[in-house]
């Protein structure tokens, strides 16, 4: 379609074939039909001022803009898929954490029941332990519902089944954030729109040049049966500023496109710097929680549980220690999720998946 539009832009205005019939009053036996004159003309406009070249250039710039816009929309789609994948994997990990919390709560309930039966703890301790188990079951049910929803959202992008097998360990892959980059695809689209406006300026300027037209034809005289050749040349006479409105609009569009490119470069540089800093912060937080906070929380749970079994701590101490461990693991997961969501935004900004989209478009 783009090639056809460019080819059409290079075609000169269609020639015209005009048939004229003129009836003159006559005195013969057939009245006015005796002096009927019929003229057959072939008329062709001679384009001047580079109109043809300007139209072809405008069509080519329009093609480039369409291709750049398609790439931008494709990258937007791939970024949505990447974010949906991160959400699905994170939901998988959150469901796993919920299962671990339920297992810890059930283990604590068994220990409390044993102590209640031996009259070492009051009955309300068992009731509170049972409430903790029910709370953990509700959290697990909600986490699994979120997991199924995230899976369906991800699978909807290719109309696939929601029963996906996702490995939460994919969140463990943390690459160092790259430096600031330019949004190649987005800036290419803005540049194509600017070039299109520039080409439109040339088209409007070319319109200022008047196009003469020449004609060739034959004229048939019914009276006498004579045939004559006819030739003509015409040059439109009009105001030379009739193109000014279109030219002013095209120049304004070009200026707006140039300013938008400059603003987009600055905005994307700021966004790249923000995402890089946020990714580095999330990465450091996840590593610190894993290396320092979680081991200490796990050690605290083990010590409190051991002291609880020996009668040195109450069930409240066990609950608090397990809650602190669960919060530490949830904090690490939140940091990992934030990192990968920012990474998806950074990849979109960088056009990291442009090759994937281009390959998909060219695939037969």
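The values are calculated or read from the model by the stated rules, or taken from the named source; none is laboratory data. Remember, predicted model here, so these are calculated numbers, not experimental data. Cβ atoms come from the backbone with ideal geometry, glycine included; neighbour counts cover every protein chain shown.
For segment 147-168, filtering for residues that are exposed (fewer than 10 other Cβ atoms within 10 Å of the Cβ) and either under 23 Å from residue 329 (Cβ atoms) or in contact (Cβ under 8 Å) with a residue 12 or more places away in the chain (or both) leaves 2. Scanning segment 342-362 turns up no residue that is over 30 Å from residue 70 (Cβ atoms), crowded, with 20+ Cβ neighbours inside 10 Å, out of contact with any strand residue (DSSP E or B) (no Cβ under 8 Å at 6 or more places or on another chain) and in contact (Cβ under 8 Å) with a residue 60 or more places away in the chain. Reported count of residues in segment 249-276, each being more than 29 Å from residue 195 (Cβ to Cβ) and without any contact (Cβ under 8 Å) to a residue 40 or more places away in the chain, is 1.
Every condition in (1) within 17 Å of the chain's Cα centre (by Cα); (2) touching a residue at least 40 places away in the same chain (Cβ under 8 Å) holds for residue 331 except the one numbered (1). When 79, 105, 119, 88 are checked against the criterion of being over 32 Å from the mean Cα position of the chain (by Cα) and closer than 30 Å to residue 170 by Cβ, 105 stands alone in meeting it. Scanning segment 223-233 for residues that are over 12 Å from residue 39 (Cβ atoms) and touching a residue at least 24 places away in the same chain (Cβ under 8 Å) yields a single hit, 223.
Note on segment 61-92: residues that are free of Cβ contacts under 8 Å to residues at least 60 places away in the same chain and farther than 19 Å from residue 184 by Cβ total 0.
Filter segment 151-174 down to the residues that are in a helix (DSSP H, G or I) and closer than 18 Å to residue 78 by Cβ and list them by number. Listed by number, the residues that qualify are 153, 154, 155, 170.
If a residue has to be out of contact with any strand residue (DSSP E or B) (no Cβ under 8 Å at 6 or more places or on another chain), over 28 Å from residue 71 (Cβ atoms) and at pLDDT below 85 to count, how many in segment 167-215 make the cut? The qualifying residues number 8. Just one of the listed residues (143, 208) is in contact with a helix residue (DSSP H, G or I) (Cβ under 9 Å, 6 or more places away or on another chain) and in a helix (DSSP H, G or I), and it is 143. Could you go through segment 295-306 and let me know if any residue there is within 39 Å of the chain's Cα centre (by Cα) and farther than 15 Å from residue 345 by Cβ. The answer is no; no qualifying residue exists.
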